[in-house]
Structures are given as structure tokens and as C-alpha cells.
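The values are calculated or read from the model by the stated rules, or taken from the named source; none is laboratory data. Quick caveat: nothing in here was measured; it's all calculated off a predicted structure. Don't worry about glycine lacking a Cβ; one is built from the backbone with ideal geometry, like all the others, and counts go over all protein chains shown.
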Amino acid sequence: MSNELKIGIAGLGNVGVGVVKILARQGELLSRRSGTKLTISAVSARNRNADRGIDITPYEWCDDAIDLARRDDVDVVIELIGGEDGPARALVETALSNGKHVVTANKALIARHGESLAKLAESKGLALNYEAAVAGGIPIIKALREGLAANQFSRVYGILNGTCNYILTEMEETGRDFDDVLVEAQQLGYAEADPAFDVDGVDAAHKLAILTSVAYGCPVNFDAIHVEGIREISAIDIAYAAKLGYRIKLLGLTSKGENGIEQRVHPCLVPQKTPIAKVDGVFNAVVADGDFVDRTVFEGRGAGEGPTASAVLADIVDIARGTILPTFSIPVDEMKSQPTASMLDHFGAYYMRLNVLDVAGVIADISAILRDEEVSIESLLQQGRKPGEAVPVVLITHECREASMMRVVDAIEALEVTQERPRLIRMENFE
Ligand SMILES: NC(=O)c1ccc[n+]([C@@H]2O[C@H](COP(=O)([O-])OP(=O)(O)OC[C@H]3O[C@@H](n4cnc5c(N)ncnc54)[C@H](OP(=O)(O)O)[C@@H]3O)[C@@H](O)[C@H]2O)c1
């Protein structure tokens, strides 16, 4: 094989080690598939002597990752350090400036600096590939950018964080509350010691920002995303949702409507029969609704050594084959910023759980508030009676504006009979 692609790997943690292992096990197959010999020239991490369970002695070692970007025996830098700024960003910028292709799994970096990095890559005819950054092993970037290139997307949505999906699945299966399941997820290694990035929805939002840009050909706009995590979800809401035929999932959703692009990450009630509702545990799923293809559903492992490294190597094979595409499906110079749709204009159905005293007239008072805001009720659930005591009342609304629903919540909270602020969870029917 006369062609050769020389690789430098920065970061030898979960994903970096996975990349080295795949290349060791089936580098020859990948070389045949791409018609190019794939060779690791050099690697870098913080601690040269750490036991990583792999032999790194065949590769040159760089104490400073940025040196990878300056080496003549490196054609492509794989950035697997992480973090939206710091060494990861410096490395990627230097690599592109020095004419090296870049492959990264770093969603934070792409969500925050994707536009400027894409500009740099495209100005030099280089690849900036990031398949592993969104939904790990699921080839969703390739699907949107290539396989579904003939389509306009009415919406793209999915379960983009395996930690949250694991926690919600466990809560449903065991009836336990969030805090309890989180501790167990940390012990099992499914959640970080500091779980905030995952459970507060930030990680999913990074991925959604990237999906939006690829789907709609607009600059990445992380700050435009409405983000809510899963800390407030309680076992009681999951149980009520099940009674009503729904499951609660943390979704990332992006859609384009007359008000602009709506990007949101939040818990959602989804009908049990929909494909997205059936995705359990640490699995991820992405659904893309295209105008010609209709619904496409992708499911797979969103993280972990093997799936993430698999996506990194798919990006490497593309480069080895000479496939260099615009970073976000449209060349960055031709991208157009799109208006951001306000969440207050969001139109959808809502699940609302009230905790109110069981006294005469309470349902009439609540109904009056809903009527005044032109919110109509699809169903109402009140199980058992405890005169004079607090009881849960669960309502499902028909579709209405979010601004109306916010006023409803404030007005119900202000009633004397109300014991705590009503709990509101958005619903999606995915018809
Ligand atoms: N883990 C997953 O399942 C997954 C899934 C999708 C995307 N990603 C993304 O992939 C990237 C890597 O994740 P990971 O889980 O592999 O992280 P990790 O296990 O924490 O590994 C990070 C690696 O970076 C090295 N490193 C840190 N600072 C460095 C520096 N200044 N110079 C050179 N190397 C440095 C560390 O070196 P030492 O080992 O010597 O400390 C370590 O090897 C992140 O962007 C992450 O968001 C991960």
C-alpha cells in the first residue's frame, strides 16, 4: 500500500486507549477498507508512566500535546483530551493552522468554538471530524450530513445522554428517587463524581447544538438552547406518567418553525409506544424527520471506550479515503444565522402535578385558572380522597402556548389550597 496516513493521538484515557486498541486489532482491515495504511506515529497524555493496559512504546511520546501538531510525521491529530478551552482548543487550532486534519470526540469544544474551527479547517481544505462527539457510536453526523443530504428536517431529537437515561430507567424500574439512583450510578461508573454536566442537561445541550448546526446549516448556537436537567424528576411523576401511558425521558429537540429555530433539552413525557420511549439504560437514540425520507431512527451506545473509539476511527477512515466534507454540512462561509424561537412561544401539551388540599371547590378554582388562560384539559387524575388533607392531582393539557402555562402555574401556586409549586413536564406525542 503506497498511501499512508500518520496519526498523532492526544489523550490516552477511555477513548484514546480504545482508539489504540482498535488500530492494533484491526488496523489492517481499516487500511484495506480505506486503501491507506493507518499508522500511529506519536501519542501524548499527562502521565507518561500511567498503566493504561496498552503498549505505547512503539509510538513517539510528546510531553506537550501541542507538539503533535508540529510534527512532520503526523498528518492527522486525534484530540481526546476534552474541555471546551485549554489544551484541547490550543491543540486543535495549532493542528489546523499547521495543515493537519483533526478528529475529535470533544462536544464541548465543537459546541462552543465549532464555527471558528470549521472556518479555519475549511480555509485550508482540511477535515474537522467529530462523529464521536454526538451520541458516541451512532453515526448520526454521517447520516445527517451524507445519507440524508437530500432532505430538509422538520425536527431532530433524541436521547443524547446515557447517564440520564440510565437514571430515569432505574427510577422507573425500581420506584426509587433521583438522589438514590444517582449514588448507585456513580458507584457503577455510569455517572461522574461531579454529575452536574450530565444530569443538568449541559452534555446533551452540547450535542444538540451540533446536531442543529448540521441539520439546519446554521452556526452552532449553544447559548440559544433552553436547558433543564432531571434533578427535579421524582418517582411519583414517573409512576403517574406510566399510569397515563407515558415514560419520562431527557430529550434534546431541535426544530425549525415560523418563529425560527427552537432548541431545547428537558425531561419529556413520551408515549410508551414510540421508538424513543423504548430506549433504555445507557443507550442513546436520535430521530430525524426528513421531508422525503420521513422518520429515521438511530439507536446505539452513546459512550464508552469501544463505541466512541469506533466513531473516531470512522472519521479517520473518511480522511484516509480522501473524503473531506464541510464541517457542518454547509461550508461555514455560506451558513446563515437563524432567529431563535422563544420558549415562551413553544406550543405543546403539558403534564402538571398539583399538591392541593382536598376541599370543596378546589378543582373548580383550578379549572377557572386554566379557562382564563385558554388552556384545555385532556385528562385529570385524582386518586382517592382525603378530605382536608393534601392530595396529588395530575392534569394533562391539550396543546397550548408555554407562556400561558407559566401563568397557570403561578396562579395555581398562589391559591391557598396549594401546598407546593405545581410540577410541570412538557409532553411530546411524536405523531
Ligand atoms: N468517555 C466516553 O465515553 C466519551 C464519549 C463521547 C465523547 N467523549 C469525549 O472524548 C474526550 C475524551 O474523553 P475520555 O473519557 O477519554 O477522557 P479521559 O478518560 O478523562 O482521558 C483524558 C485524557 O487526556 C489526557 N490529558 C489531560 N490533559 C492533557 C494535556 N494537557 N495534554 C495531553 N493530554 C492530556 C489525560 O492524560 P492522563 O491519562 O495522563 O491523565 C487522559 O489520558 C472528551 O472530549 C469527552 O467528552 C468521551
- Item | helices (runs of 4 or more DSSP H) (entirely within segment 140-219) containing at least 3 residues that are over 30 Å from Ser329 (Cα atoms) and within 20 Å of the chain's Cα centre (by Cα) | 162-174, 178-187
- Matching residues in segment 405-431 - criterion: being assigned to a helix (DSSP H, G or I) and surrounded by fewer than 17 Cβ atoms within 10 Å (Cβ to Cβ): Met406, Arg407, Asp410, Glu413, Ala414
- Task: Please work out which residue is farthest from the ligand (Cβ to nearest atom), limiting yourself to segment 77-104 and to residues that are within 23 Å of Ser310 (Cβ to Cβ) and in a loop (DSSP other than H, G, I, E, B).
- Result: Lys100
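To keep it simple, each residue is scored yes or no on (1) of a type outside the set (Lys, Arg); (2) in contact with a Lys or Arg (Cβ under 7 Å, 6 or more places away or on another chain).
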site	(1), (2)
Asn98	yes, yes
Ala108	yes, no
Arg112	no, no
Ala121	yes, no
Lys124	no, no
Asn129	yes, no
Val134	yes, yes
Ile138	yes, no
Ile141	yes, no
- Message: Can you list residue pairs whose Cβ atoms sit under 6 Å apart, with the first residue in segment 61-72 being under 15 Å from Gly99 (Cβ atoms) and the second being within 8 Å of the ligand (Cβ to nearest atom) and among the small types (Gly, Ala, Ser)? Count only pairs 6 or more apart in sequence or on different chains.
- Response: Leu68/Ala10; Leu68/Ser44
- State whether the residues of segment 5-24 include one that is surrounded by fewer than 16 Cβ atoms within 10 Å (Cβ to Cβ), outside any helix (DSSP H, G or I) and within 12 Å of the ligand (Cβ to nearest atom). yes
- Message: When you check Ala185 against the structure, is it touching a Pro at 6+ places or on another chain (Cβ under 9 Å) and touching a residue at least 40 places away in the same chain (Cβ under 8 Å), yes or no?
- Response: no
- Is it the case that Ala288 is surrounded by 14 or more Cβ atoms within 10 Å (Cβ to Cβ), in contact with a Ser or Thr (Cβ under 7 Å, 6 or more places away or on another chain) and either among the basic types (Lys, Arg) or under 30 Å from Met427 (Cα atoms) (or both)? yes
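Considering only segment 261-279, I want to know if a residue exists there that is basic (Lys, Arg), in contact with a Phe, Trp or Tyr (Cβ under 7 Å, 6 or more places away or on another chain) and in contact (Cβ under 8 Å) with a residue 40 or more places away in the chain.
There is no residue in segment 261-279 that is basic (Lys, Arg), in contact with a Phe, Trp or Tyr (Cβ under 7 Å, 6 or more places away or on another chain) and in contact (Cβ under 8 Å) with a residue 40 or more places away in the chain.
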- Here are Val293, Val359, Val282: which of them is at negative phi, among the hydrophobic types (A, V, I, L, M, F, W, C) and modelled with pLDDT of 95 or more? Val293
- Within segment 105-139, restricting to residues that are assigned to a loop (DSSP other than H, G, I, E, B), within 14 Å of the ligand (Cβ to nearest atom) and among the hydrophobic types (A, V, I, L, M, F, W, C), the one that is surrounded by the most Cβ atoms within 10 Å (Cβ to Cβ) is Ala135
- Just a yes or no: is a residue in segment 27-47 farther than 20 Å from Glu305 by Cα, in a loop (DSSP other than H, G, I, E, B), touching a helix residue (DSSP H, G or I) at 6+ places or on another chain (Cβ under 7 Å) and at pLDDT 95 or above? yes
- Please find, among Gly388, Gly384, the residue that is out of contact with any helix residue (DSSP H, G or I) (no Cβ under 9 Å at 6 or more places or on another chain) and free of Cβ contacts under 8 Å to residues at least 12 places away in the same chain. Gly384
- Message: Tell me whether segment 313-323 contains one or more residues that are closer than 26 Å to Gln263 by Cα, small (Gly, Ala, Ser) and surrounded by 13 or more Cβ atoms within 10 Å (Cβ to Cβ).
- Response: no
- Odd one out for Pro58, checked against (1) closer than 22 Å to Ala320 by Cβ; (2) in a loop (DSSP other than H, G, I, E, B); (3) free of Cβ contacts under 8 Å to residues at least 60 places away in the same chain; (4) touching a helix residue (DSSP H, G or I) at 6+ places or on another chain (Cβ under 9 Å): (4)
